[in-house]
């Protein structure tokens, strides 16, 4: 949603200029990068499983905020879209890592499958929202629905990472990779 619709939300709902809308999108992608670095750094002290459960909850809060931002508050929109980037930051690499750790015999396939589903979701957000808007649904309403989807992700995060230890890395190497560390090497 954020990568495709933040700029339109900023201009149509928050009264932002094109520059402010571009800044919101920049803040989103910058915080995706900063968040990945941050969560990789704090993984020594905070179990990655906890981060994996926390980030969808951050997204629920963020999408709820976006859905309820008052008009004529573009700078608040920039900040909230940046916060959305933080919430999205480590979800993809952690999903790949947890999947590869749980399904070691097909870890490369897991990574490809997660990326394929990510692309499908991105496509739905990119092309599925336009017809809703054309039929009179506001972006604020759609962001509210997105908060519900993030809540479902929060619940699913507990099913995905339920009985697993936290992965040692944000993005594990597939089993059998020529440069993969031997079992127990980093313990």
Any residue at all in the stretch 88-96 that is modelled with pLDDT of 90 or more and farther than 22 Å from residue 31 by Cα?
-> no
Does any residue of the stretch 127-147 turn out to be surrounded by 13 or more Cβ atoms within 10 Å (Cβ to Cβ), at pLDDT below 90 and either out of contact with any strand residue (DSSP E or B) (no Cβ under 8 Å at 6 or more places or on another chain) or under 28 Å from residue 13 (Cβ atoms) (or both)?
-> no
From 107, 6, which residue is farther than 20 Å from residue 122 by Cβ, in contact (Cβ under 8 Å) with a residue 60 or more places away in the chain and touching a helix residue (DSSP H, G or I) at 6+ places or on another chain (Cβ under 9 Å)?
-> 107
Flagged pairs (Cβ under 7 angstrom, 6 or more apart or on separate chains; first in the stretch 112-128, more than 24 Å from residue 98 (Cα to Cα); second surrounded by 13 or more Cβ atoms within 10 Å (Cβ to Cβ)) are 125/1; 125/4; 126/4
Out of (1) modelled with pLDDT of 90 or more; (2) under 16 Å from the mean Cα position of the chain (by Cα), the odd one out for residue 160 is which?
-> (1)
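The values are calculated or read from the model by the stated rules, or taken from the named source; none is laboratory data. A quick note: this is a predicted structure, and the numbers were derived from the prediction, not measured. Don't worry about glycine lacking a Cβ; one is built from the backbone with ideal geometry, like all the others, and counts go over all protein chains shown.
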